[in-house]
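A.B. asks: One structure coming up, written as structure tokens, with questions to follow.
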Amino acid sequence: MLTSGLPRIKTEYRTETPKVRFRITGTKQYLHLSGAGVTHGTRYAWSGTKAQARALRDRAAMEGRDWPFKAVKRIEVEE
């Protein structure tokens with residue numbers, strides 16, 4: 001087998017898939033996909049990566065807003 005000696009070019013980029021949702025503990029209310037307000041059920045619920053979830057929570061804390069949501073894994077809340 002002949003090889004060129006050139007490094008192999010990676011064509012597949014790994015991206016983190018959405019894995020968490022924000023839910024108000026003890027309810028079926030989720031953060032709306034707009035990032036503001038709540039929605040009942042998961043149809044219009046926000047979904048994102050853990051890093052995005054931290055950024056939303058930290059932004060709310062910096063603005064002094066109350067943050068009643070807890071991050072939950074999407075697999076735990078699929079309806």
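A.B. asks: Which condition from (1) at pLDDT 90 or above; (2) among the small types (G, A, S); (3) assigned to a strand (DSSP E or B) is the one that A71 breaks?
C.D. replies: (1)
A.B. asks: Here is a follow-up. Only residues that are touching a Phe, Trp or Tyr at 6+ places or on another chain (Cβ under 8 Å) and more than 13 Å from R74 (Cβ to Cβ): list them for the range 45-63, please.
C.D. replies: Matches in the range 45-63: L56, R57, A60, A61.
A.B. asks: Looking only at the range 23-39, which residues are assigned to a loop (DSSP other than H, G, I, E, B) and within 14 Å of the chain's Cα centre (by Cα)?
C.D. replies: Initially, the range 23-39 is screened for residues assigned to a loop (DSSP other than H, G, I, E, B), giving 25-28, 33-37.
Selection gives L33, S34, G35.
A.B. asks: Oh, and also: Please work out which one of (1) exposed (fewer than 10 other Cβ atoms within 10 Å of the Cβ); (2) at pLDDT 85 or above is the condition T15 fails and give its number.
C.D. replies: Result: T15 fails condition (2) only.
A.B. asks: For the subset of the range 40-68 comprising residues that are more than 16 Å from the chain's Cα centre (by Cα) and at pLDDT 90 or above, which member is surrounded by the most Cβ atoms within 10 Å (Cβ to Cβ)?
C.D. replies: Here the residue is P68.
The values are calculated or read from the model by the stated rules, or taken from the named source; none is laboratory data. Note that the structure is predicted; figures quoted are calculated from it, not measured. Ideal geometry is used to build each Cβ from the backbone, glycine not excepted, and the neighbour counts take in all protein chains shown.
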